[in-house]
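The values are calculated or read from the model by the stated rules, or taken from the named source; none is laboratory data. Owing to the predicted nature of the structure, the values given are computational and were not obtained by experimental measurement. With ideal geometry, Cβ positions are generated from the backbone for all residues, glycine too; neighbour counts draw on all protein chains shown.
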Amino acid sequence: MKDYKIYTKDLNLYYGSNRALKDVTIGIDENKITSLIGPSGCGKSTFLRTLNRLNDTIDNVKIEGDVMIDDINIYDKNVDVVALRKRVGMIFQKSNPFPKSVYENVAYGPRINGVKNKKELDEIVETSCKRAAIWDEVKDRMNDSAIGLSGGQQQRVCIARALAVDPDVLLMDEPASALDPISTAKIEELMFELKTDLTIVIVTHNMQQAARVSDKCAFFLMGEIVEYNSTKNMFTKPDKEETQNYVSGRFG
Amino acid sequence: MLHYLEEELEQLRKKIIKMGSLVEEQVEFSFRALFEGNLELAETVKSRDDEVDKYDIKIDKHCQRIFALTQPVANDLRLIMTALMINSDLERMGDIAVNISERAEDLVDYSDLLKEMRVDEIAVKVQKLIKMSIDSFVNGDAELAKNLIKADAEVDKLDSVIFDLLAYKMKDNSELIVAGMHILTLVRNIERLADHATNIAEDVIFMIDAKIIKHSKDPENLENKDNS
């Protein structure tokens, strides 16, 4: 499916005998923000984690179907999972900086990917921090521990760390749910800027956030996609009654 | 939150229905004042306009509160937007009822001329459209709203006939020019009532089908006109 950056076809995922994803077929556009919404336990985070094979680390998980990124099935045996996760970065709900300096956090990825030259590392750290809109706040605190930063700053350092290995897809699992409105706005503005270079898929429970930031929106319910539509339609005239009920807070 | 929103939307719907009934009655009273020469009723219409204005403000504030507190989307959003638009049309219709009542005083001695100029006919047609517009909102009936939009053409046609009749009458008898001018203005007002009813029908179609059809000439051919 050359039209899409990411394409899943008949994707099923089982935790033991529990089928958490049911025949999920979806095409995700390049350089767009796609939000995944749905009540807790509907499979949206599980789906997100199939896109960088993070579910591989969980015991007893079985996956069927195709997950194509740039027309390559990422579940093929010859796919290098480490290289895949370099291309498909991930940001989690709770910021998770390493207990190291800001500089070492951002330089970590390039370093393990073989960049040794100090000047080159400095450049990568600066560029990544600028892209993550955190440079001005940390440029004089590069050697301070990242743990000492505010929650919003920590989350942007994590984004800078993900960007440092130059991914082309960024997965975000409720990246702003623990942040105050100002920090949330910064993350959202950052997403708008990043989508010119990246394809972003975000899981969010915040309907207003999905409406504000995403171009397209997929509504998951009990492991299935009920509706996949432009965000504009999703919040003004959804095709399905279940979507209307969910986005207006009538269940979920 | 859900219960709160449902409750607020129901209250809003009730307010619109009440305002619709009030305005419908104001229009009916203004026509009775006009055709029966009942100036007491004309005064009633004028004094009750404050009540219409109060409803107008109440509904505006209610919509503002729901927007601010619940950030409505989809069907709920369209209902509130529609309520705001219908409110504005109803308020204007209330003002027109007052204008008609004022005109009733000027035309109190011309009931035969009003009949000869077929003003009673256009008034009946317009009242029917107003009733259809309110019913289409109350029952969420898009078909009724579409029928109303089509029926508005009959009012426009009769408006044009009345214009010609009046022009002929005034040419024929210059003593009727002043009364004729009053009737001309009156009929313009009545025709505007039909336009407001049509606006309400368009809003109801937006509320139900999420299609914007205002400025469209053909309500049946909606698909190409949807610029939402």
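Got a number for residues in region A:225-250 being aromatic (Phe, Trp, Tyr) and more than 8 Å from chain B (Cβ to nearest Cβ)?
Residues flagged as aromatic (Phe, Trp, Tyr) and more than 8 Å from chain B (Cβ to nearest Cβ) within region A:225-250 amount to 2.
Given the conditions (1) in a loop (DSSP other than H, G, I, E, B); (2) more than 30 Å from A:ARG250 (Cα to Cα), report the number of the one that B:GLY140 does not fulfil.
Only one criterion in (1) in a loop (DSSP other than H, G, I, E, B); (2) more than 30 Å from A:ARG250 (Cα to Cα) is unmet by B:GLY140, namely (2).
Tally up the residues in region B:65-83 that are surrounded by fewer than 18 Cβ atoms within 10 Å (Cβ to Cβ) and away from every other protein chain (no Cβ under 14 Å), please.
1
Take the residues in region A:136-154 that are without any contact (Cβ under 8 Å) to a residue 12 or more places away in the chain and part of a helix (DSSP H, G or I), then tell me which one is nearest to A:ALA176 (Cα to Cα).
Among those residues, the one meeting the criterion is A:GLY148.
Are any residues in region B:10-38 of a type in the set (A, V, I, L, M) and at pLDDT below 95, and if so, which ones?
none
What tally of residues in region A:1-47 results from selecting those that are polar (S, T, N, Q), at pLDDT 95 or above and closer than 22 Å to A:GLN244 by Cβ?
Total meeting the criteria: 2.
Cβ contacts < 6 Å: first residue within 14 Å of chain A (Cβ to nearest Cβ), restricted to region B:1-27; second residue among the charged types (D, E, K, R), any location; separation 6+ or different chain. Result?
B:LEU2/A:ARG250
For region A:176-191, which positions are aliphatic (A, V, I, L, M) and part of a loop (DSSP other than H, G, I, E, B)?
Answer for region A:176-191, where residues must be aliphatic (A, V, I, L, M) and part of a loop (DSSP other than H, G, I, E, B): A:ALA176, A:ALA178, A:LEU179.
Looking at (1) among the basic types (Lys, Arg); (2) at pLDDT below 95; (3) crowded, with 21+ Cβ neighbours inside 10 Å, which is the one condition that is false for A:ARG161?
Failing condition for A:ARG161: (2).
Could you identify the single residue in B:ARG13, B:ARG32 that is farther than 22 Å from B:MET85 by Cα and either in contact with a Gly (Cβ under 7 Å, 6 or more places away or on another chain) or surrounded by 14 or more Cβ atoms within 10 Å (Cβ to Cβ) (or both)?
From the options B:ARG13, B:ARG32, the qualifying one is B:ARG32.
What about A:PHE92, is it under 30 Å from A:LEU221 (Cα atoms) and either surrounded by fewer than 16 Cβ atoms within 10 Å (Cβ to Cβ) or touching a residue at least 40 places away in the same chain (Cβ under 8 Å) (or both)?
Spelling it out, A:PHE92 is indeed under 30 Å from A:LEU221 (Cα atoms) and either surrounded by fewer than 16 Cβ atoms within 10 Å (Cβ to Cβ) or touching a residue at least 40 places away in the same chain (Cβ under 8 Å) (or both).
May I ask you to verify whether B:ALA33 is out of contact with any strand residue (DSSP E or B) (no Cβ under 9 Å at 6 or more places or on another chain) and within 14 Å of chain A (Cβ to nearest Cβ)?
Against the criterion (out of contact with any strand residue (DSSP E or B) (no Cβ under 9 Å at 6 or more places or on another chain) and within 14 Å of chain A (Cβ to nearest Cβ)), B:ALA33 does not qualify.
Testing B:LEU79 on (1) modelled with pLDDT of 95 or more; (2) closer than 30 Å to A:ASN206 by Cβ; (3) more than 19 Å from the chain's Cα centre (by Cα), one condition comes back false. Which one is that?
Result: B:LEU79 fails condition (3) only.
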